[in-house]
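A short write-up of the structure that comes next.
The values are calculated or read from the model by the stated rules, or taken from the named source; none is laboratory data. No experiment lies behind these values; they were computed from the predicted model shown. Here the Cβ positions follow ideal geometry from the backbone for every residue, glycine too, while neighbour counts run over all protein chains shown.
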Amino acid sequence: MAIADAKIEVELREVFLRDRPQSLYDISPKGTVPVLQLSDGKVMDESLDIMKWVMHQSSSDWDNTNIELQDEMIHHNDFEFKQWLDKYKYHDRHPENTLEFYRDKCAKTLTDYENSLGENLYLLGSKIQLVDVAIFPFVRQCANVDRPWFGSTFPYVEQWVDNWIQSELFVRVMPKFDAWKLDNDPLYISF
């Protein structure tokens with residue numbers, strides 16, 4: 001979403017995680033996505049690093065204040081919330097606790113977001129910030145586990161998720177692409 005918002009053209013190589021090409025591992029041994037390889041060969045294989053790089057390349061309308069607080073929130077989301085989200089989404093793979101236990105763990109973070117969004121259009125104010133775009137995909141995943149529970153428990157977060165899903169920016173980045181193969185012609189895209 002950051003790349004699309006900045007209108008930066010990239011060569012897109014759609015990778016399905018169940019069938020990762022060796023070339024992905026060649027540039028990033030982690031084998032995770034997304035990965036951005038710059039023309040100078042530099043590789044970024046963390047979403048947040050890519051997003052911050054994009055912000056420095058463009059004159060984004062995103063509010064760049066409260067960077068320290070945004071970083072703290074993103075760190076909490078990535079290392080605390082996400083571990084519970086993964087167990088909530090795949091609770092059958094984690095039988096040591098119930099679905100409700102994992103959902104309650106997620107709810108602790110979602111309650112903070114709910115309180116903030118009860119007063120603001122976005123997580124930290126009236127303008128989009130990096131934190132909104134970084135956290136949204138995870139909150140959307142959580143909402144999709146049990147949408148009725150999510151919407152009734154966190155109505156402000158539900159509205160925030162719905163606003164993102166209906167946004168022109170989100171719609172632009174969500175088309176489906178075929179998996180990239182080594183002999184494919186390059187697909188250059190500026191969302």
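Need the failing condition index for Trp84 against (1) in a helix (DSSP H, G or I); (2) touching a Lys or Arg at 6+ places or on another chain (Cβ under 8 Å); (3) touching a residue at least 40 places away in the same chain (Cβ under 8 Å), just the number.
The failed condition is (3).
Does at least one position in the range 72-79 carry a residue that is over 18 Å from the mean Cα position of the chain (by Cα), in the same structural domain as Phe136 (by TED's automatic domain parsing) and in a helix (DSSP H, G or I)?
No, every residue in the range 72-79 fails to be over 18 Å from the mean Cα position of the chain (by Cα), in the same structural domain as Phe136 (by TED's automatic domain parsing) and in a helix (DSSP H, G or I).
Every residue in the range 1-50 that is of a type in the set (A, V, I, L, M) and assigned to a loop (DSSP other than H, G, I, E, B), please. Spell out how you get there, then give the answer.
Kept after step one, since they are of a type in the set (A, V, I, L, M), are these residues of the range 1-50: 1-4, 6, 8, 10, 12, 15, 17, 24, 27, 33, 35-36, 38, 43-44, 48, 50.
If the condition is that a residue be of a type in the set (A, V, I, L, M) and assigned to a loop (DSSP other than H, G, I, E, B), then Met1, Ile8, Leu12, Val15, Val33, Val35, Leu38 are the ones that fit.
Within the range 13-42, restricting attention to residues that are touching a strand residue (DSSP E or B) at 6+ places or on another chain (Cβ under 7 Å) and either polar (S, T, N, Q) or surrounded by 15 or more Cβ atoms within 10 Å (Cβ to Cβ) (or both), which residue is nearest to Phe79 (Cα to Cα)?
It comes out as Val35.
Would you be able to tell me the number of residues in the range 166-191 that are surrounded by 11 or more Cβ atoms within 10 Å (Cβ to Cβ), over 21 Å from the mean Cα position of the chain (by Cα) and of a type in the set (Phe, Trp, Tyr)?
Going through the range 166-191 one residue at a time, the tally reaches 1.
Tell me, which residue of the range 46-71 that is under 15 Å from the mean Cα position of the chain (by Cα) and farther than 19 Å from Ala4 by Cβ is surrounded by the most Cβ atoms within 10 Å (Cβ to Cβ)?
Here the residue is Gln70.
Quick one: is Lys108 touching a residue at least 40 places away in the same chain (Cβ under 8 Å) and either part of a helix (DSSP H, G or I) or on the phi > 0 side of the Ramachandran plot (or both)?
The answer is no for Lys108.
Are there any pairs with C-beta distances below 9 angstrom linking a residue in the range 24-36 that is outside the structural domain of Pro137 (by TED's automatic domain parsing) to a residue that is charged (D, E, K, R) and in a helix (DSSP H, G or I), with the two at least 6 apart or on different chains, and if so which?
Final answer for the pair search is Leu36/Asp49.
In the set Gln166, Gln159, which member is within 21 Å of Ala6 (Cα to Cα) and at pLDDT 95 or above? Spell out how you get there, then give the answer.
Numbers: Gln159 fails: within 21 Å of Ala6 (Cα to Cα).
When all the criteria are applied, what remains is Gln166.
Under the condition of being over 14 Å from Val157 (Cα atoms) and hydroxyl-bearing (Ser, Thr, Tyr), which residue from the range 83-138 is surrounded by the fewest Cβ atoms within 10 Å (Cβ to Cβ)?
Ranking the candidates gives Ser126 first.
Quick check, is Asp132 assigned to a helix (DSSP H, G or I), on the phi < 0 side of the Ramachandran plot and over 17 Å from the mean Cα position of the chain (by Cα)?
no
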